[in-house]
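The structure under discussion appears below in the form of structure tokens.
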Amino acid sequence: MSIPAANLMSALRSGHSTSPRLTWYGPDSERVELSGRVLDNWVAKTSNLLQDELDAEPGTAIRIDLPAHWKSFVWALAAWQLGMEVVLDGSAADLLVTNDPSDHTGAAYDAVVAVPLAALAMSWPGELPPGVVDYAAEVRSHGDVFMVHNEPTPELAAVRGNAGYAHADLMEQFAEAAEPGVRLLVRASEGLESGLSAALGAWQGDGSVVLVHEDVDVSEHLLENERVSRS
């Protein structure tokens, strides 16, 4: 593949693939740790859902209406390796991913996907509006390896947020520079766009990310236990 996100996923699943790459601390003592291999597995399944079930292709715009969370990071990586544009500013898009589908009933999207944020959710908790795709129920049936049908090109748009970035610029301009091998603390309270920028920078340097919900106390014990890098 010819775009940076595809190269990044290849690196995450091949180099030190059993090492932690994304660790999430959520409410109610929730902790989720994804190795490079497991992160790639989730991303591959999500890309396959996008491509095979939702007819997404390079250039398709997807609005990610989710907080900074390990699942929103998975969705962004899945869209990027397919060559899609990730919309973070709430503007119009072809597809919508959200944890509150009731807010978007009747909105003009080709498809809406509901994402429950609970780590162990096997389906959406309750009834969904007609036509809304249940991510938790559908994603596990998709393949663990992603093969793109239509090769994306670097000049396609990758990010629409505070600024716009093409796929060619994703890792060099959108990603925030980080020290090689960093174990980076990312606070979810800073928002999804900031979190994605920081995470890409850490992963680009063969590092890892500790993503912490705003309701979780970032204590010395947490920092020491996770071996978070200190400046």
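A compact table of results
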quantity: Filter pass, G90 being surrounded by fewer than 17 Cβ atoms within 10 Å (Cβ to Cβ) and at pLDDT below 95; calculated: yes
quantity: Hits in segment 198-224 - residues which are part of a helix (DSSP H, G or I) and farther than 15 Å from R21 by Cα; calculated: E220, H221, L222, L223, E224
quantity: Residues that are touching a Ser or Thr at 6+ places or on another chain (Cβ under 8 Å) and closer than 16 Å to D55 by Cα, drawn from segment 98-133; calculated: V112, V113
quantity: Neighbours by Cβ (under 8 Å, 6+ apart or cross-chain): first from segment 1-26, within 23 Å of P67 (Cα to Cα) and open to solvent by 30 Å² or more (accessible area, probe 1.4 Å); second at pLDDT 95 or above and assigned to a loop (DSSP other than H, G, I, E, B); calculated: Y25/H213; Y25/V216
quantity: Selection from segment 79-109 of residues that are in contact (Cβ under 8 Å) with a residue 60 or more places away in the chain and in a helix (DSSP H, G or I); calculated: W80, Q81, L82
quantity: Where A76 falls short, out of the listed (1) part of a helix (DSSP H, G or I); (2) under 20 Å from S189 (Cβ atoms); (3) at pLDDT below 95; (4) among the small types (G, A, S); calculated: (3)
quantity: Matching residues, segment 27-41, being surrounded by 15 or more Cβ atoms within 10 Å (Cβ to Cβ) and free of Cβ contacts under 8 Å to residues at least 60 places away in the same chain; calculated: E33, L34, S35, G36, R37, V38, L39, D40
quantity: Residue under evaluation D52, criteria (1) touching a Ser or Thr at 6+ places or on another chain (Cβ under 8 Å); (2) within 19 Å of G143 (Cβ to Cβ); (3) open to solvent by 10 Å² or more (accessible area, probe 1.4 Å), criterion not met; calculated: (1)
quantity: Conditions (1) part of a strand (DSSP E or B); (2) over 14 Å from the mean Cα position of the chain (by Cα); (3) of a type in the set (A, V, I, L, M); number of the one not met by I62; calculated: (2)
quantity: Positions within segment 158-170 being open to solvent by less than 20 Å² (accessible area, probe 1.4 Å), in a helix (DSSP H, G or I) and of a type in the set (A, V, I, L, M, F, W, C), in sequence order; calculated: L170
quantity: Leading residue by the ranking (surrounded by the fewest Cβ atoms within 10 Å (Cβ to Cβ)) among those in segment 173-189 that are outside any strand (DSSP E or B) and in contact with a helix residue (DSSP H, G or I) (Cβ under 8 Å, 6 or more places away or on another chain); calculated: A177
quantity: When residues of segment 57-87 are limited to those that are of a type in the set (V, I, T) and under 14 Å from L170 (Cα atoms), the one surrounded by the most Cβ atoms within 10 Å (Cβ to Cβ); calculated: V86
quantity: Hits in segment 193-227 (condition: of a type in the set (A, V, I, L, M, F, W, C) and either at positive phi or surrounded by fewer than 18 Cβ atoms within 10 Å (Cβ to Cβ) (or both)); calculated: V218, L222, L223
quantity: Of all residues making up segment 125-155, the number that are open to solvent by less than 100 Å² (accessible area, probe 1.4 Å), within 21 Å of V43 (Cβ to Cβ) and in a loop (DSSP other than H, G, I, E, B); calculated: 9
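The values are calculated or read from the model by the stated rules, or taken from the named source; none is laboratory data. Worth saying up front: this structure is predicted, and the values here are computed from it rather than measured. Cβ atoms come from the backbone with ideal geometry, glycine included; neighbour counts cover every protein chain shown. What goes into the accessible areas is simple: the full protein's heavy atoms, side chains included, and nothing from ligands, DNA or RNA. Shrake-Rupley method; radii C 1.70, N 1.55, O 1.52, S 1.80 Å.
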